[in-house]
Amino acid sequence: MEKTIEDPPTSAVLLDHCHFSQVIFNSVEKFYIPGGDVTCRYTFTQNFIPRQKDWIGIFRVGWKTVREYYTFMWVTLPSDLNNKSAKQQEVQFKAYYLPKDDEYYQFCYVDQDGVVRGASIPFQFRPENEEDILVVTTQEELETLQSINKKLELKVKEQKDYWETELLQLKEQNQKMSSENEKMGIRVDQLQAQLSTQEKEMEKLVQGDQDKTEQLEHLKKENGHLFLSLTEQRKDQKKLEQTVEEMKQNETTAMKKQQELMDENFDLSRRLSEKKMIYNALQREKERLEGENDLLKRENSRLLSYMGLDFNSLPYQVPTSDEGGAGQNPGLVYGNPYSAYICTDLFTLPPSSPSRNALSAKQMIFVITPWSNSRCRPFV
């Protein structure tokens, strides 16, 4: 089918309602060679006036409605529509849109109401052969036309039978719809009567139930108040639920905090117990060292007395910075205020000592400093 901007106007008008004599097709060939354009020529009768949406279609012979066109072209309106003289018009069908089979087709002029106003004789789309080139007698042409005419009569008869069947079905449908419409009318009258009776009964009910309506309005108002009260209660309940949820969360947090404090308390108790154990051990060590110190003090006093030395005039050595002191240079100082310990070693007393010759064995004196409890260097 030829592609156009819009489809042509069609209708379901049957063939016997069409007017084929208002448009006459001229110079229609018996056949057209495939692959070439086809020019369709036609003439308007004096009583026919073309319109803007008229069109010419190619139909396969045996068509029933104008909706069965194969392709179509819009009609070009004459420049002078008021001219009553017959003037030949034409449209051209492009080869691309033409049928490709050897069936019989015909041109039909269709107006913008979808009514056929003219139809051409049948033709074919087939190649040219030698039989078509030969000159035939008038008798042969007549026989050919009679054969074509018989075929057309058969197809027209088939169309007529089809249309008669369609018309019969339409009549039956029309009668059926008329019968149904009559039944529907009776039913509508019955329903209207029932509706009228119901309206009267409704008026009685409305008139007799006026008090009930007032009671219903009162109940509606009470229901509204109850609904508002229920809404407020639901809001309060929701607030209480939120409060309970917050209390649960706070309780959970407090329990976690209590557990943390208990764990921390347990850890502190454990650490305190360890500190106490260390303190007790240090206390016992202190008491042991104090006892040893007292014993050594007594022993030193005895030795000093034996050597004839005064404890307060005993020289001692100041420790260096790497021995825990204050960074002073080492040197000999008299007037030792600290506890002195004497141990036997292969070492002699310093030359300045007044009792250097009082000892027969080599001895060395160490002083415990108060800031580091470390031993001073030996005298030289």
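General remarks:
- Output for the range 20-69, where each listed residue is more than 29 Å from Tyr162 (Cβ to Cβ) and buried (at least 19 other Cβ atoms within 10 Å of the Cβ): Phe44, Pro50
Yes/no matrix, rows are residues, columns are (1) modelled with pLDDT under 90; (2) open to solvent by less than 100 Å² (accessible area, probe 1.4 Å):
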{"residue": "Leu226", "(1), (2)": "yes, no"}
{"residue": "Gln259", "(1), (2)": "no, yes"}
{"residue": "Arg271", "(1), (2)": "no, no"}
{"residue": "Ile278", "(1), (2)": "no, yes"}
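- Taken as a whole, the range 196-205 holds at least one residue that is open to solvent by less than 90 Å² (accessible area, probe 1.4 Å) and modelled with pLDDT under 90.
- The residue pairs whose first member lies in the range 141-166 and is at pLDDT 75 or above and in a helix (DSSP H, G or I), whose second member is open to solvent by 80 Å² or more (accessible area, probe 1.4 Å) and small (Gly, Ala, Ser), and whose beta carbons are closer than 7 Å, counting only pairs six or more residues apart or on different chains, do not exist in this structure.
- Just one of the listed residues (Asp80, Asp16) is at pLDDT below 85, of a type in the set (Asp, Glu) and assigned to a helix (DSSP H, G or I), and it is Asp16.
The values are calculated or read from the model by the stated rules, or taken from the named source; none is laboratory data. In this text, all values refer to a predicted model and were calculated from it rather than measured experimentally. Backbone-built Cβ (ideal geometry, glycine too); neighbour counts: all protein chains shown. These accessible areas exclude ligands, DNA and RNA; they are computed on the full protein's heavy atoms, side chains included. Shrake-Rupley method; radii C 1.70, N 1.55, O 1.52, S 1.80 Å.
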